Structure formats: C-alpha cells, structure tokens
1. Condition (residue is within 22 Å of Arg391 (Cβ to Cβ) and out of contact with any Gly (no Cβ under 6 Å at 6 or more places or on another chain)) applied to the stretch 116-126: is it met by at least one residue?
2. From the list Phe112, Phe118, which residue is over 28 Å from the mean Cα position of the chain (by Cα) and surrounded by fewer than 17 Cβ atoms within 10 Å (Cβ to Cβ)?
3. Does Glu443 satisfy the criteria of being over 30 Å from Thr377 (Cα atoms) and either surrounded by fewer than 23 Cβ atoms within 10 Å (Cβ to Cβ) or assigned by TED's automatic domain parsing to the domain that holds Leu379 (or both)?
4. For the stretch 131-139, state whether one or more residues are outside any helix (DSSP H, G or I), in contact with a helix residue (DSSP H, G or I) (Cβ under 9 Å, 6 or more places away or on another chain) and either surrounded by fewer than 24 Cβ atoms within 10 Å (Cβ to Cβ) or in contact (Cβ under 8 Å) with a residue 60 or more places away in the chain (or both).
5. If you check Leu582, Leu561, which single one turns out to be in contact (Cβ under 8 Å) with a residue 12 or more places away in the chain, within 16 Å of the ligand (Cβ to nearest atom) and not basic (Lys, Arg)?
6. Name every residue in the stretch 490-509 that is under 31 Å from the mean Cα position of the chain (by Cα) and over 30 Å from Lys605 (Cβ atoms), in order of residue number.
7. Counting just the residues of the stretch 188-200 that are buried (at least 24 other Cβ atoms within 10 Å of the Cβ) and in contact (Cβ under 8 Å) with a residue 40 or more places away in the chain, which one comes out nearest to Glu161 (Cα to Cα)?
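The values are calculated or read from the model by the stated rules, or taken from the named source; none is laboratory data. Computed from a prediction, not measured in an experiment: that's the story for all the values here. For neighbour counting, all protein chains shown are included, and Cβ atoms are generated from backbone atoms with ideal geometry for every residue, glycine included.
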Amino acid sequence: MCGIVGYLGGGNATGILLEGLQRLEYRGYDSAGLATSHRGSLQVAKRVGRVKKLAGAVSGQTSRAKLGICHTRWATHGGVTEENAHPHLSCDGKIALVHNGVIENYLPIKKFLQSAGFTFSSQTDTEILSNLIAYHYRKEPEGGETSRLFESVRKSLRQVEGTYGIAVICADCPSEIIGARNGSPLILGVGRNEILLASDVAGLVSRTAKVVYLKDGEIVHVREGDFSISTLDAEAIRPVIDEVDWDVSESALGHYTHYMLKEIFDQPEALENAMRGRFARDGSTAKFGGLNVTPQELRQIDRIMFCGCGTAWHACLSLEFLIEKYARIPVEVEYASEFRYRNAPLDKNTLFMVVSQSGETIDTLAALRESKRKGYTSLAITNVVGSTIARESDGGIYQHAGPEIGVASTKAFTSQLLLGAMLALYLGRLRDMSFNDGVEFVEGLKTAPEKAGAILRHCNQIKDIALKYARKNDFLFLGRLSMFPIALEGALKLKEISYIHAEGYPAAEMKHGPIALVSADCPTLCFATEKDTLSKVISNMQEVKARNGEVIAVRSDSCRLPEGLADDEIVIPDAHGAIMPLLAAIPMQLLSYYIAVERGCDVDKPRNLAKSVTVE
Ligand code: F6R
C-alpha cells in the first residue's frame, strides 16, 4: 500500500529511484511522483498512472541529483489526481515529503496551519505534514546542535496521530534525508557510498543486501555516507544491520506475460521449498526450526486461534479443517480486522497464530499485537523474511515461496496450505496420530510438487474452459468441508482480477438462498474431490442442472460423475486428503487468470487493489 523510495549517494538519484519504485509498484499504482534535490532547489515530477508514465515524463531531463525521494500511490485521502500524488511540497516549496499511511488528526493541524498563513493545494492528509515540518523548520534556529530539518521532522511527528512511513528532503539540505515509521513499514538500505530508504526490501535490494528494519516510533537521519537512528524522544538507537537473502532474478518476469501466471507456475518449486529440511529423520512427522514453542508446551494447548485477511483468511479456514481433522485440536478463525477490535475471549491455553504473505498487513499486525498484549503465545506463518509480523511474533514458520509480486495471491496461498498440513501433522503426532499414519501423511505431502506440476501441464484445457465462460457476469463456487475455503478463494480470485461477481458457499448452503442466482447466465463451479461426500455433491450439481445452470466440476481422478452431468470437467490427481485443497486451488487460479486476460483486465494490477494493505 503505497511504495516509497529515498536515495542519497554517489549514483544518479533519478534512475536509481525509478528502478526501485518500479519494483514497489505492486504496493499501489494510482499515480507516481519523484522529487530530487540539486544545488538548492527541488525538482518535482508527478503523473497519474503507472511508474512507466512518470519515467517517460522525466526521461528527457538530465539530472545530476544525488538525492531524492519517490512514491507510488494507493489513494486514501483525495482522488487520483496529480495534485494528490506524492511528493507533497510545503507551500513555500522547501520541504518535499512522501508518505505511506494515514494522518488521523490532519484536520485540526490543517486549521492551525491555515491560521498561520499556510496554504494547501491537495485533498490529502499528507500535505499537512510537509507544511507542519516547514512551520517548525522556520522556527528552528540555524546552526543548532542537530540539523534543522531533522529537528523539525521530529517535532512534527510528535504532533501527529496515525500511521506513517515517510521520507523527507529539504531544498536547503542537499545531503540529508529524514525517514521515520509508525505503523507503516520503512527499511534502510546501507550500500557502498549510498543509503536508501524503501517501504520494503524489493525497493532497494538491487543496490544492497544490507538493511536495517526501522521500528515503530523510530526516526532515521541520513547524511552523506552516514546515518543515525533515534526515537521521537531523542533516545539514540543502535542499529542492527541484517543481510537479506533475496535473489533479484526471482522477481523477474522471465518469459511469462504476467507475474500472476509466473507465480502460478512457480508453485511446484514453492511447495518444494516449504518442505525443504522440515521432515523428521524417522519420516513420520514435520519439524519447524523457528516455532520457539516446545513440544511439551504444544501438548498443553487446547485451542488455536488463526487470524488473517483476504486470501490468508481463506488459508486460515483451510488450516482449521486440517488441524481439527488430523490433530484433533479445536480451531477458531477470525478476520484479523474484526479480532483486533472485538476483545474475543481466549482460553488460557489458546495458541494464537496469524497468516500473512507480506507480513505487513496492518490488521493482521494489530491482531498479533493485541494477542501479545494479552500474553498469548503468538506465532506467524509468513512469506517475507524480516517483515514486521515476522519480527514481532514469538516465533513461526517462513514460507520460502519467493517474492509474490502479482496482486492476487497464488503461490503464497498454496504454500500456506501445505505448511498448515505440515503443522497439522506435527501437532497430530504430538497427540493421537500413529507412527504409520504419520509416515503415510509425510509421503502424501511429498507428492504435492509433482501433482501441482501435473495440473499445470493441463493449463490449456483449463484455458479453453475459461474462454467458454469468460463473458458470464456471475459465478457460484460450491465446495463441501475442506473444499469450502477453496470455493471462497476461487470466488475471490475471480472477482478481484476479472471484476466478475462471484460467491463461494458450502455446497449444501446453496438451497438456503444462493440457488436463486442459478440460471443459464450464472455458471456454478462444484468441487467433487472427496469420496465421502461425492453423492451429496452430485445431488447439488443436479439441482443446478434442473434450473438450467451450467456446471463446471473440479473432480479428483477417482471421483467419477454421472455421464453428462457436468458441462465441463477439470480433473486433478488423486492425493492424500491433506494436500487436496491446495491442488484444487490451482485450477481456480488458472481459470480466473485466463478469464481476466480474455476480458482485457490488468491481471497483475487489478483496479482499486494493492498488494500489501498497510492502512486500515
Ligand atoms: C487476494 C490477496 C489479498 C491478501 C490480503 C492479506 O489475492 O492477495 O486478499 O491475501 O490482503 O495479505 P497478506 O497475506 O499479505 O497479509
């Protein structure tokens, strides 16, 4: 949600900033802007639309600037216009600022500044911050002990309420950038003769692998070849420099037309990576290095609460099925955004876990913090190493799925499902699961990459089905038991990238309302992957057919359907029940992808969405 990059060093600031910004574009893509500083003046360019447009706008200019900041926006306050795009300048043109987050008390501050003669040209909350900094800057004595710019930013931040990751430059200060974070991520990159700031590692990793993860309430003063970190109360912080293990080529598109397609095809490898080194020697259970909870402690828990948002919440629902079935531990699932405000009663032996691809989703982070405040052991399953959720949780499981750039989550989801199955196995073996069942489970899990690959090899058949239904405007997705979360996920994938109205339901719920939607114009996708409920699912399909609805069936090899019942069938391999949900999710991803492409939608950057939701 909004991407920020800042640069100070010996290189060409404009080129370096634009390159970083391009990599952060998945965080927001309404508009983009850049401010560089050279010989006492700020050069600002903004464009509505993508970073490419901004790059085009500045391409003719020869800039010698060594310092600058830039931003790609996901609108919160104010429409998508050039005026509202960042960087925002103070009305005297001295201060330029980029911001990710929301300033909640912007109205009283704006009134105060207006009474002091400041003027505003945008509808954003951010512009009050650049003006507030300018206000303090004017009052700050020249030649004081600390930099005027730094002090004025620090004083301003002490006045604002809300969330921010910011980078600030000043026309008078050709070798200073100030960065700060509270609730929105900001990372410092320490390169050779250069220092960068970025909202996430992707924005700076092509320049350096050495990073400092700023914490909430910290402010960093970047000067030529040097930086210092302190709190807003001026307490010095000793920086911890981490080395990130991020291969830039992993985030390259290669021969794929979209990141989403690439990431769908990355899945066999992502599944392999999720399992690597995580099985016990005896071959009967899983092992996790970073849980930081002993087997003895895990045996004491009598409930698990999972929280997440969007696709990650669907993963939580799938984990509920897996853990309840295989480990026999009661599980509850909550939207993180609800949990954080609901004050849900948790039993003293509850284990709390969040699931988040990015590790930065603000609601999930808030839920984690609330659980920690209440003293629960709070773990996380997350993909991004060093993300705020990863750092603040008591322990957890890294997904190792590789960077996910496409806004629609694909490989992160299936990897979460696989890790959920491994967790179910681990917890099950600590309780009632037998050695032999454990061995069979492990063998089943190990087939996931190869079976995922087999489904992907049939992508052209799924493409043909997608083309047949691409012009429909409503879809129903029905799944029983472990397929219910996959039905929800199938519907979400379709609506978010193709803008088709789609709903997911437990199959039997259809009769209690959604059946009213069934018609020749609203196809129904049904999952038939479990022998135990096959006859029931067949009945549901017949109910759809009786109302002139078309049926697309996703069935496992051995779950055969009566001749002619389904209009189209997607057959996936038989597999251990624990990996069936993740396998069934793959055709959903392909179906949505091909439908969206056929409808001319921007698959990797769907309208109104952003990859990482760091504002409420
Ligand atoms: C949908 C999608 C979103 C995310 C949600 C949580 O395809 O990607 O629904 O799943 O915003 O994001 P993370 O997992 O980063 O917390």
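1. Keep residues of the stretch 116-126 that are within 22 Å of Arg391 (Cβ to Cβ), which gives none.
Within the stretch 116-126, not a single residue is within 22 Å of Arg391 (Cβ to Cβ) and out of contact with any Gly (no Cβ under 6 Å at 6 or more places or on another chain).
2. Details: Phe118 fails: surrounded by fewer than 17 Cβ atoms within 10 Å (Cβ to Cβ).
Of Phe112, Phe118, the one residue that is over 28 Å from the mean Cα position of the chain (by Cα) and surrounded by fewer than 17 Cβ atoms within 10 Å (Cβ to Cβ) is Phe112.
3. Values: over 30 Å from Thr377 (Cα atoms): yes; either surrounded by fewer than 23 Cβ atoms within 10 Å (Cβ to Cβ) or assigned by TED's automatic domain parsing to the domain that holds Leu379 (or both): yes.
When the stated conditions are applied, Glu443 passes them.
4. Of the residues in the stretch 131-139, the ones outside any helix (DSSP H, G or I) are none.
Checking the stretch 131-139: not a single residue is outside any helix (DSSP H, G or I), in contact with a helix residue (DSSP H, G or I) (Cβ under 9 Å, 6 or more places away or on another chain) and either surrounded by fewer than 24 Cβ atoms within 10 Å (Cβ to Cβ) or in contact (Cβ under 8 Å) with a residue 60 or more places away in the chain (or both).
5. Values: Leu561 fails: within 16 Å of the ligand (Cβ to nearest atom).
Result of the check over Leu582, Leu561: Leu582.
6. Residues of the stretch 490-509 that are under 31 Å from the mean Cα position of the chain (by Cα), as a first pass: 490-507, 509.
Within the stretch 490-509, Pro506, Ala507, Glu509 meet the criteria.
7. To start, the set of residues in the stretch 188-200 that are buried (at least 24 other Cβ atoms within 10 Å of the Cβ) comprises 188-189, 195-200.
Imposing the further condition that a residue be in contact (Cβ under 8 Å) with a residue 40 or more places away in the chain reduces the set to 188, 195-200.
Values: Leu188: 23, Ile195: 28, Leu196: 26, Leu197: 22, Ala198: 22, Ser199: 20, Asp200: 23 Å.
Residue satisfying both the conditions and the ranking: Ser199.
Condition check ((1) under 30 Å from Gly20 (Cβ atoms); (2) within 15 Å of the ligand (Cβ to nearest atom); (3) over 14 Å from the mean Cα position of the chain (by Cα)) across all residues:
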position: Val384; (1), (2), (3): yes, yes, no
position: Ala390; (1), (2), (3): yes, yes, no
position: Ser393; (1), (2), (3): yes, yes, yes
position: Ile397; (1), (2), (3): yes, yes, yes
position: Ile405; (1), (2), (3): yes, yes, no
position: Lys411; (1), (2), (3): yes, yes, no
position: Ala421; (1), (2), (3): no, no, yes
position: Asp432; (1), (2), (3): no, no, yes
